[in-house]
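Accompanying notes for the structure given below.
The values are calculated or read from the model by the stated rules, or taken from the named source; none is laboratory data. Keep in mind that what you see is a predicted model, and the values were worked out from it rather than measured. Cβ placement follows ideal geometry from the backbone for every residue including glycine, while neighbour counts extend to all protein chains displayed.
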Amino acid sequence: MKTNTSTIACLFLLIACIETDPSGGQRMIRDRNNKTVTPFEVDKEIENKLLSETDRASAERILLKVEKTFNENPENEFNIINYGIKLADLGRFQEAINVYDESLIKFPESYNIRRYIGQQYVTTRQFDQAITSLSEAITYANDSPAIESEYLGLKKSKKTTVYNVKFNIWYYLGLSYYMKGNYDKAISSFRKCEKYTYNNDLKVVIANWLYAAFAKIGNLDLAEAEIMSIPTNMRLLETKSRKYHDLIMLYRGLVTPSILIKRNGIDADVGYGIGNYYLINGQVENAVSAFNRIISTEQQERIGYIAIEAELAVLLGSQISDL
């Protein structure tokens, strides 16, 4: 792949915040003061800055109530998971992991708790730990119902969700492999998700990631087959699903990147999809530009942002090897 000097310079600028530990292979994050932090401290750096002051104050009030309920009955699995969710809502991801880890002493075979630990490991870029936790969740969930509503969907919560437990276990496992560049295992995990895609939202989410993973291994025929199965008009409940549907329409050539940006703004998940679209089509400089728009924002906890970090690390490595 040939690129000019400005592209390489741009890649070095963008990748400056990402460093790989040569001894352990773990990704490290650098803050603006050039201080290296470990993945276990990363939640301090990616604290949810997308919340407005009003929303943050509301989330903190909710956390206090949930924490009180948890402290009154820490033996209740719902209380444990809900407490971790509310910590994560405020960007306190490692605290959530700690709560879940400690709870496994009481619930050593809980696949629900492991599913949430896995998600937070992905958020904090601890992909190997995520794979371990989610793989254990798969084993313990083996005899559970095929379609089991997530905790957010239970009657104890007013909020409903289109997701189910087994889908999310396989989904975050697939994402963990994808971020590590193990696309074959990512595809295998996403394929397992299909067994639990009982609504349009889940079908769109998986089609998007299967397309991306197949494209990474150069199988564009299978990649295109995934997105051609998605209708142009679908009833979708979640904003995230609508964003992925927009991206699928981009991959199919039915909309342009500018339309998606106008519709979704500078969104990390959409931004990764646009950049990846450019990469698939050999437009590296456009991809870097798309990634740059996201890297300059405070969306570090978003899956798209995490994928961009992984993508830029690969791009930088390929440019160095070509020098």
### Selection status of D128, surrounded by fewer than 20 Cβ atoms within 10 Å (Cβ to Cβ), more than 16 Å from the chain's Cα centre (by Cα) and charged (D, E, K, R)
no
### Summary
Taking region 109-125 and the residues there that are under 15 Å from V99 (Cβ atoms) and not in a helix (DSSP H, G or I), the one that is farthest from the chain's Cα centre (by Cα) would be S110
### Query
Considering only region 132-147, how many residues are over 14 Å from K192 (Cβ atoms) and either modelled with pLDDT of 95 or more or crowded, with 16+ Cβ neighbours inside 10 Å (or both)?
4
### Message
Can you say whether L152 is under 20 Å from A307 (Cβ atoms) and either at pLDDT 95 or above or of a type outside the set (S, T, N, Q) (or both), as far as the supplied structure shows?
### Response
no
### Summary
Of (1) closer than 25 Å to W170 by Cα; (2) over 25 Å from the mean Cα position of the chain (by Cα); (3) in a helix (DSSP H, G or I), T69 fails just (1)
### Query
Of N292, N276, N199, N264, which residue is touching a residue at least 12 places away in the same chain (Cβ under 8 Å), polar (S, T, N, Q) and buried (at least 22 other Cβ atoms within 10 Å of the Cβ)?
N276
### Query
Counting just the residues of region 80-108 that are assigned to a helix (DSSP H, G or I) and of a type in the set (A, V, I, L, M), which one comes out nearest to the chain's Cα centre (by Cα)?
A88
### Message
It is to be established whether one or more residues within region 77-90 are of a type in the set (D, E), touching a Leu at 6+ places or on another chain (Cβ under 9 Å) and surrounded by fewer than 24 Cβ atoms within 10 Å (Cβ to Cβ).
### Response
yes
### Message
Of all residues being over 16 Å from F190 (Cβ atoms) and free of Cβ contacts under 8 Å to residues at least 40 places away in the same chain in region 235-246, which is surrounded by the fewest Cβ atoms within 10 Å (Cβ to Cβ)? Just the residue, please.
### Response
R235
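Conditions tested, residue by residue: (1) among the charged types (D, E, K, R); (2) out of contact with any Lys or Arg (no Cβ under 9 Å at 6 or more places or on another chain).
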| position | (1), (2) |
| --- | --- |
| E67 | yes, no |
| N76 | no, yes |
| N79 | no, yes |
| G84 | no, yes |
| D89 | yes, yes |
| E109 | yes, yes |
| Y121 | no, yes |
### Message
Which condition from (1) more than 24 Å from V165 (Cα to Cα); (2) in a helix (DSSP H, G or I); (3) in contact (Cβ under 8 Å) with a residue 12 or more places away in the chain is the one that T232 breaks?
### Response
(2)
### Query
Out of all the residues in region 44-53, is one or more under 24 Å from V162 (Cβ atoms), assigned to a helix (DSSP H, G or I) and either touching a residue at least 40 places away in the same chain (Cβ under 8 Å) or out of contact with any Gly (no Cβ under 7 Å at 6 or more places or on another chain) (or both)?
no
### Message
Quick test of your reading of the structure: I261 fulfils all but one of (1) under 17 Å from F291 (Cα atoms); (2) touching a helix residue (DSSP H, G or I) at 6+ places or on another chain (Cβ under 6 Å); (3) β-branched (V, I, T); (4) in a helix (DSSP H, G or I). Name the failing condition by number.
### Response
(2)
